[in-house]
Each structure stands twice: as structure tokens, then as C-alpha cells.
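Colleague: First, the structure itself, so that you have it in front of you.
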Amino acid sequence: MNIIMLGPPGSGKGTQGQHLIECLGLVHISTGDLFREILKQPEHPLYRDVQVLKEGKLVSDEVTNRVVEDTLKKLKDAKGIIFDGFPRTTEQAQALDRMMSSLNMRIDAVLDLNVTREVILHRLLGRRVCPGCRRVYHISQGYTVCPECKVPLKIRDDDNEETINKRLDEYKEKTAALKDYYREHNCMYISLTIDDVSMTSQEVHEQIIQEFSKRGLV
Ligand SMILES: [Zn+2]
């Protein structure tokens with residue numbers, strides 16, 4: 001089963017992807033993670049193209065498609081893939097369709113995490129990340145160091161209100177057409193609205209599994 005996860009930055013795509021990997025044995029392709037890996041390697045051929053992220057901008061379609069295609073080729077034999085942060089535009093979706101069919105693969109479902117701006121600001125402005133194990137915490141949990149590796153938690157460079165609002169506006173504008181594309185596409189489109197800051201990631205996960213099982217996907 002190959003799934004695309006849609007949702008604005010801070011919608012919890014990464015976390016929900018992790019839950020689904022554990023639950024369903026799928027592989028996770030997160031363009032955000034792939035880009036952050038590239039940013040750790042100044043000698044990487046795409047380093048300069050990915051650096052625009054630090055200005056709150058999105059990486060170009062051309063560069064994103066190259067990064068995804070390189071990764072997909074390595075995952076031809078996977079049980080299933082979850083796409084997180086890709087595709088973001090209809091152009092990228094069409095490119096993905098071409099890549100997938102050339103590898104004899106297809107998209108089975110699109111999961112749209114429709115999280116309100118209020119919930120996203122609450123989550124992202126309070127987000128703290130462990131530089132050691134990459135676990136993500138929230139300031140409301142009261143940790144200053146990672147409980148697992150005792151490393152001090154950090155705020156990610158791009159987690160400030162101005163950058164977040166800019167990214168949300170850009171996301172909304174760019175993905176409106178993408179959502180239409182997938183609603184008309186030959187796969188299942190599942191939209192989940194999350195407008196409650198107190199909803200835990202486990203509760204969201206349970207709702208996702210319910211939606212999948214209603215449709216016979218799991
Ligand atoms: Zn840690």
C-alpha cells in the first residue's frame with residue numbers, strides 16, 4: 001500500500017507517518033528529512049538548491065523530484081511507502097505518477113491531515129527537538145533535556161511565527177490545485193479535520209486507522 005500524506009507544516013505528517021510505519025510495516029519518504037540530511041552535507045550537489053529552506057521558502061519542483069526519484073529507486077522492493085511533504089504541487093504529483101508507473105508502482109490512498117492554523121501555531125511554537133535521537137517534544141511536557149538521551153532540546157530554526165505563517169500561506173496557495181487533482185484521481189482521498197489542540201497524536205493515529213479500515217485498506 002502506497003500512501004500520500006497531505007497536510008500543512010506542523011500537521012503531524014511526520015509523527016503520523018512514524019505511527020503508520022510501526023503499524024503497517026511501511027517505509028517513510030519525508031522530503032523534509034531528506035532535505036535536512038542534504039543540509040548537513042555542504043559538498044552535496046544539491047546543497048545550494050536546498051538552502052532556500054532556511055529563508056522559509058520551498059525547494060523547487062525540479063530539485064525535489066530529483067531527490068524523490070533517487071530515493072524511490074532504492075525502495076522498489078518495499079512493502080509500501082508513505083510520502084510525507086511530497087508531492088506539494090500538481091506538477092510534482094504528475095512527476096510522481098510518471099516515476100511510480102515506470103517502477104511498476106501506484107498510489108493507493110491520499111490522507112489529508114486538515115489541521116487548523118490555531119492548532120498548528122500552538123504545536124510548532126512549542127515544539128522542541130532532540131538533536132540526538134530526533135524525537136519531537138512539546139514545551140507543555142516540561143522537558144528541557146531529552147528523557148531518552150539526556151541531550152538539551154532545541155528549537156528548530158524555522159519554528160518562529162513569521163516563518164510558520166509564511167509557510168502556511170504558501171502551502172495553502174500551492175496545494176489547492178493538488179487537492180483537486182487527487183480528489184479526481186483514481187485513488188482513495190481521505191480528509192481528516194483536526195481543530196482541537198488537546199487531541200494527542202495517538203488519538204489522531206487511531207482515527208486514521210479507523211478511516212483506513214472503513215475503506216478496506218487495512
Ligand atoms: Zn533524544
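The values are calculated or read from the model by the stated rules, or taken from the named source; none is laboratory data. Only a predicted model underlies this, so the values are computations on that prediction, with no experimental measurement involved. Don't worry about glycine lacking a Cβ; one is built from the backbone with ideal geometry, like all the others, and counts go over all protein chains shown. For the accessible areas, the whole protein counts, side chains as well, though only heavy atoms, and no ligand, DNA or RNA atoms are used. Shrake-Rupley method; radii C 1.70, N 1.55, O 1.52, S 1.80 Å.
Colleague: Dividing the Cα radius of gyration by the Kirkwood radius, what Rg/Rh value follows for segment 43-102? Each step should come with its number before you reach the end.
Modeller: Working: Rg = 12.4 Å, Rh = 12.6 Å.
Rg divided by Rh gives 0.99.
Colleague: Return the long-range amide H neighbours of V115 (sequence gap of 5 or more, or a different chain), with a cut-off of under 5 Å between placed amide H atoms.
Modeller: Those qualifying (amide H under 5 Å, at least 5 residues apart or on another chain) are I194.
Colleague: Set Lys and Arg Cβ to +1 and Asp and Glu Cβ to -1, take the dipole of segment 142-218 about its Cα centre, and tell me which of L153, I208, L168 lies farthest positive.
Modeller: Going by the Cα projections, it comes out as I208.
Colleague: Okay, moving on. Given a 1.4 angstrom probe, what's the average accessible area per residue across segment 147-214, in square angstrom? Walk me through the numbers before you get to the answer.
Modeller: Details: 4330 Å² over 68 residues.
Per-residue accessible area for segment 147-214 comes out at 64 Å².
Colleague: Under the classification rounded if a/c is under 1.5, otherwise prolate if a/b is larger than b/c and oblate if not, where does segment 121-218 fall, given a ≥ b ≥ c as square roots of the Cα gyration tensor eigenvalues? Mind showing how you got there, number by number?
Modeller: Details: a/c = 2.54, a/b = 1.51, b/c = 1.68.
Oblate, since a/c reaches 1.5 and b/c is not below a/b.
Colleague: Moving on to the next point. In square angstrom, what is the accessible area per residue of segment 18-132 with a 1.4 angstrom probe? The partial results should precede the final answer.
Modeller: Numbers: 5660 Å² over 115 residues.
Value for segment 18-132: 49 Å² per residue.
Colleague: Taking the chain, how much of its Cα-Cα pair set, in percent, is spaced more than 22 angstrom apart?
Modeller: On the way: 12308 of 23653 pairs.
Tail of P(r) above 22 Å: 52 percent of Cα pairs.
Colleague: Another one. Taking 7 Å along the Cα-to-C-beta vector as the label spot, tell me the N114-S198 distance in nanometres, rounded to one decimal.
Modeller: 2.3
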